[in-house]
């Protein structure tokens, strides 16, 4: 039953009194919405329970008289009501229904048994809205799907904050387990599963320079800057471990906005560098963060620094090896199951086994306290190189779309929640007493991010160009600016690490810790919205015609010897017969020896390209060894 309070009864009596005496008051029809709202609120108390009826009243249909006439609501009241009276009572009924629906939802939210169900329904509805609106705005010059989800999350947070009387701004409580165990794995695995491996490993040294060495440089600059400048902002309760954690937190980039603008086929070199650096950067930041938490940093000396570096290298290498091992194990299991005819062909089993093995790699890494991001990323690369070719064609299509869909939903989920969590009233209430300090910390962190990013992108790009012989493999200045810009945005990884360092179970009562949480949220929001909105125009300005950007061509599915253009490339010199012959001579590089080892040792055991899984009525296995130019 609906609970009527004194405010609701007073509201309806007052409004009915207003309508009934409209003729005596000779009130002209108010077409202006602002004047109507001002007039209505004079007769009703504006409370959370009366807001639905105020909304209905503002939308009351106009009477049949022209706008400059008076309201004759009571004319012929005995012989029959006017059209407006009929609309009035219909609106009254709609208002009662709106109040009943609002009261019902409030009751469900207050009941523990239904609160989670209502929250999940609302969140799923918001996810659908983000996907639909993002699709409609796909061609927009400024907004992409990430920014759309963030803005919808902000608007939803404001609405929830308003409806709960300032008690909460989100319908789901932030949980590190939710982020690190359920949302992050599909995103990172799909990144490794969909990566163009030839481009990735061809630029592997440059990617590692940016992703590992560059992150360490950014980490040092942000940490040292925080140690030096935070004391001037009267933040002196943070320890050395907190300052180092701040460096790791704000070294984690989020290049989703830039990757949504770049085209992998038109700018493969630039896309490969931005994409690869983003994954390695996140993994390096989290490994640094874990290494910092595992050490007692109250007394730092050379031994402690060497131990910290050794722990970092151990986590990096062990995580990579574990991911490769699980990927090879999945390939071996699926290949042997079909080769030995132990089970019948089943797309369901193939897809389920691939999904579970991928998730197992992540959880094993968490179990052994390694870097789960690196583990699941390299597991994705290995599974796409071997396991994916061991399943049937229908399973290949299914797994490709399943992994991409899970990653897409997880990304939208994260940005939507970050938008809602940005208005967490508990932390903003703590820092409200010192707004200047909070603004100063946020501005300082943004400045350190800009400087730390530039401190390694341009020098390391210069170093990488010195090591490249081909002009097409070198990173141009405009591409360097794009890479620098792509790493300015911060995302959910930074927020999750900040919660881990400065809160306990998502809550904090310390002023400095609350300032760090709100400053992290501010940096993430500002960088994503401000820098993200400028990404499309900036990329179009720097790369006006990406089809003509000097970059490595995408690896063709056909051997190079069959795709050498007759008249050559428009950007390069005309080909000669000698160059065409030399292009088919296998160079003795790392890739050549890897292909030789892969064809002779790895693929006979783990399958891969050329392996045809057993299907009743077809050959068991076909090995196709094609000589390819490198």
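The values are calculated or read from the model by the stated rules, or taken from the named source; none is laboratory data. Because the structure is a prediction, the values reported are computed rather than measured. Cβ placement follows ideal geometry from the backbone for every residue including glycine, while neighbour counts extend to all protein chains displayed.
Structure notes:
- So residue 458, is it in a helix (DSSP H, G or I), in contact with a helix residue (DSSP H, G or I) (Cβ under 8 Å, 6 or more places away or on another chain) and either without any contact (Cβ under 8 Å) to a residue 60 or more places away in the chain or under 20 Å from residue 183 (Cα atoms) (or both): yes
Results for (1) closer than 22 Å to residue 456 by Cβ; (2) surrounded by fewer than 24 Cβ atoms within 10 Å (Cβ to Cβ), shown as yes or no for each residue.
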{"site": "257", "(1), (2)": "yes, no"}
{"site": "260", "(1), (2)": "no, yes"}
{"site": "269", "(1), (2)": "yes, yes"}
{"site": "283", "(1), (2)": "yes, no"}
{"site": "313", "(1), (2)": "yes, yes"}
{"site": "325", "(1), (2)": "no, yes"}
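- Filter pass, residue 244 being over 21 Å from residue 460 (Cα atoms), in contact (Cβ under 8 Å) with a residue 24 or more places away in the chain and in the same structural domain as residue 278 (by TED's automatic domain parsing): yes
- Residue count, the range 120-135 (criterion: surrounded by fewer than 12 Cβ atoms within 10 Å (Cβ to Cβ) and touching a helix residue (DSSP H, G or I) at 6+ places or on another chain (Cβ under 9 Å)): 1
- Here residue 384 meets each of (1) part of a helix (DSSP H, G or I); (2) at pLDDT below 90 with one exception, condition (2).
- Residue within the range 477-500 that is farther than 30 Å from residue 186 by Cα and either in a loop (DSSP other than H, G, I, E, B) or touching a helix residue (DSSP H, G or I) at 6+ places or on another chain (Cβ under 6 Å) (or both) present: yes
- Flag for residue 407 being surrounded by fewer than 23 Cβ atoms within 10 Å (Cβ to Cβ) and closer than 30 Å to residue 196 by Cα: yes
- Residue in the range 464-473 that is assigned by TED's automatic domain parsing to the domain that holds residue 269, touching a helix residue (DSSP H, G or I) at 6+ places or on another chain (Cβ under 9 Å) and buried (at least 22 other Cβ atoms within 10 Å of the Cβ) present: no
- Condition met for residue 369 (outside any helix (DSSP H, G or I) and either out of contact with any helix residue (DSSP H, G or I) (no Cβ under 6 Å at 6 or more places or on another chain) or buried (at least 24 other Cβ atoms within 10 Å of the Cβ) (or both)): yes
- Filtered residue count, the range 240-274, keeping only those that are within 19 Å of the chain's Cα centre (by Cα) and in a helix (DSSP H, G or I): 12
- Lone unmet requirement of (1) over 18 Å from the mean Cα position of the chain (by Cα); (2) in contact (Cβ under 8 Å) with a residue 24 or more places away in the chain; (3) in a loop (DSSP other than H, G, I, E, B) for residue 296: (2)
- Test: residue in the range 192-200 that is under 19 Å from the mean Cα position of the chain (by Cα), within 30 Å of residue 413 (Cα to Cα) and buried (at least 22 other Cβ atoms within 10 Å of the Cβ): yes
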